[in-house]
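The values are calculated or read from the model by the stated rules, or taken from the named source; none is laboratory data. If you're wondering where the values come from, they're calculated on a predicted model, not measured in any experiment. Positions of Cβ are backbone-derived with ideal geometry, glycine not excepted, and every protein chain shown enters the neighbour counts.
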Amino acid sequence: MKKRAIGYDYGECEICNIPMQEKLIKQNFWIRGKLIVVEDVPAGVCPKCGEKVVKAGVGCWILKLIENSDRIAKAPRISVPKIKFDIKEARV
Ligand SMILES: [Zn+2]
């Protein structure tokens, strides 16, 4: 299911020189050893290399969200698989 966001011009990818496409992305942040996922962040994504850009205002709002410990405390939890890299097992 694709949601459409507001239609902001993110310009072109600095690497590929092709227009960025607006998408709602998930952004991961590590705050004091905890992984916080912010969903549905409007961002420009390069269809070729996957480079992402967010508007300055969006970036500021994300910072406010992830600094709001009350909101984080009430947020639903997801569990993520955690795998340890075993250097002996990998034999590298
Ligand atoms: Zn690119």
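Just one of the listed residues (ILE15, ILE25, ILE66) is among the hydrophobic types (A, V, I, L, M, F, W, C) and either at pLDDT below 95 or in contact with a Phe, Trp or Tyr (Cβ under 7 Å, 6 or more places away or on another chain) (or both), namely ILE66.
Return yes or no: is ALA43 touching a strand residue (DSSP E or B) at 6+ places or on another chain (Cβ under 9 Å), more than 30 Å from GLU12 (Cα to Cα) and surrounded by 13 or more Cβ atoms within 10 Å (Cβ to Cβ)? Steps first, answer last, please.
On the way: touching a strand residue (DSSP E or B) at 6+ places or on another chain (Cβ under 9 Å): yes; more than 30 Å from GLU12 (Cα to Cα): no; surrounded by 13 or more Cβ atoms within 10 Å (Cβ to Cβ): yes.
No, not satisfied.
Residue count for the range 17-67, restricted to those that are within 15 Å of the ligand (Cβ to nearest atom), without any contact (Cβ under 8 Å) to a residue 24 or more places away in the chain and outside any strand (DSSP E or B): 2.
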